[in-house]
Amino acid sequence: MRGKDLLECMEYIDDALVEEALEPPVFPRRTNNIVRWGMAAACVVVFGVSAAAFWFHRNIGEEHIENAGNNTASSAAMDTVAGDGGTVQGTPENIETGNDTTGGAQTGITSDNEGAVGSNAATGKEENVMQDAVEDTNSDRDNAAAVAELKEEFLTEAAAEEEMKQRACTVISSYYGEREDAIYCYALPEKGKFFCYHDLQETMEYYAEQELASRAADSPIYAYDVVITIYGDIPKEGSKDTVYEDLAEHSSTGSEQIEQEYRRLSELGYAVRLSEDFQLTGTFTKVELDTFQASPEYGYTFRFADEH
C-alpha cells in the first residue's frame, strides 16, 4: 500500500474511533503493562479499520469499472438492436445497477438515425446526379432536335427562295435576235480570268436595257442558261511539262479537275450542274456573271449552248 492510498483510506475512519485510539482512558492504579497492551490494541484497531476502509474503497472502484464496461457493451448491443429492428430493451444488470438504459438506447437510435440520414443524403446526391444526367441528355436531344428543325426550316426556306427565284426570273438560253453570219475567234482566258461569248454578252446588255426602261415593281429578272468552259494545266504524256487547254477535252485528268471546280462553285452558291460527260452548265444573272469568283488556277468562258 502506498502512502497516498493509506491517506485516502483513512478518510473513511470514524473520527470517534481515532480520538478513542489516540486518547485511551486512564485507569488509576494500573500497571505499565496494561497501558502498553491497551496502546497496542488501539493500534491494531486503527490498522484494521484502515485495511477495511481500503478494501471497501478498492471493491467500489473495481465494481465501478466493471459496471462501466457493462454499460458500454449494453450500449453497443442496443445500438445493434436499434439498427436492426428499431426495438430497445434494458438488461437486468443495467436495471439493478441503476444505469440509464434509455440514454444508451437513445444513443444507439441517434447513431442509427445519423447513419440513415447520411445514407439518405448520399442517395439524394446520387439521385440528383442521375436526374442532372437525364436532364442533360434530354437537353442535348432537345438541342439536336432544335438544330434539325432549324436546318430543315433553313433548307425549306432556301428551296422556297430558289423556287421564287426561278419563278421571278425569266431564263434566257439563246440569242435575243437574229444571228449574223459573222464568225468570232476568242483567245484563251488567262488563269483567274473569264469572259462571255459575243451572243451572250449582247443578249445580257439588251435585257439590261429592258429592265431599266421598265422600272416596274413586277418587272422580271433575267437569268441566263450558259455553258461553262474551264481551261487549266494538263500534263503532257511522257513529259513533266503541262499544256493549258480545255479540261473537257481530257477525260482522265480534266474530268477530275472539272468535278472539283463544280463542287467549289456549288459551295459558293452558284446554280451549276454537271452532266455525266462532265459538261458544266449553270444559270446566272448578269450580276453573277459580272462578279464571277474565278479560281486563280483556271480560266473560264461563258456561252449559250447553241453558240460556237
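Scanning segment 175-196 for residues that are in a loop (DSSP other than H, G, I, E, B) and either touching a residue at least 60 places away in the same chain (Cβ under 8 Å) or under 26 Å from T291 (Cβ atoms) (or both) gives Y175, Y176, Y184, Y186, A187, L188, P189, E190, K191, G192, K193.
Residues in segment 281-291 that are out of contact with any Ser or Thr (no Cβ under 8 Å at 6 or more places or on another chain) and under 19 Å from D246 (Cα atoms): G282 only.
Here segment 250-261 is the region considered, the condition is being crowded, with 16+ Cβ neighbours inside 10 Å and not β-branched (V, I, T), and the residue that is nearest to F292 (Cα to Cα) is E261. Restricting segment 165-174 to residues that are outside any strand (DSSP E or B) and touching a strand residue (DSSP E or B) at 6+ places or on another chain (Cβ under 6 Å) leaves a set whose member that is modelled with the lowest pLDDT is A168. In a residue-by-residue description of segment 239-249, the property of being in a loop (DSSP other than H, G, I, E, B), out of contact with any Phe, Trp or Tyr (no Cβ under 9 Å at 6 or more places or on another chain), at pLDDT 80 or above and surrounded by 14 or more Cβ atoms within 10 Å (Cβ to Cβ) applies to no position. The residues in segment 276-308 that are without any contact (Cβ under 8 Å) to a residue 60 or more places away in the chain and within 48 Å of the chain's Cα centre (by Cα) can be counted, and the count is 4.
The lone criterion from (1) of a type in the set (A, V, I, L, M); (2) in contact with an Asp or Glu (Cβ under 9 Å, 6 or more places away or on another chain); (3) under 30 Å from Q260 (Cβ atoms) left unmet by I221 is number (3). Residues considered: R273, R264. Of these, the only one that is in contact with a strand residue (DSSP E or B) (Cβ under 8 Å, 6 or more places away or on another chain) and either surrounded by 13 or more Cβ atoms within 10 Å (Cβ to Cβ) or on the phi < 0 side of the Ramachandran plot (or both) is R273.
The values are calculated or read from the model by the stated rules, or taken from the named source; none is laboratory data. None of these values were measured; they are calculated from a predicted model. Methodologically, a virtual Cβ is constructed for each residue, glycine included, from the backbone with ideal geometry; neighbour enumeration extends over all protein chains shown.
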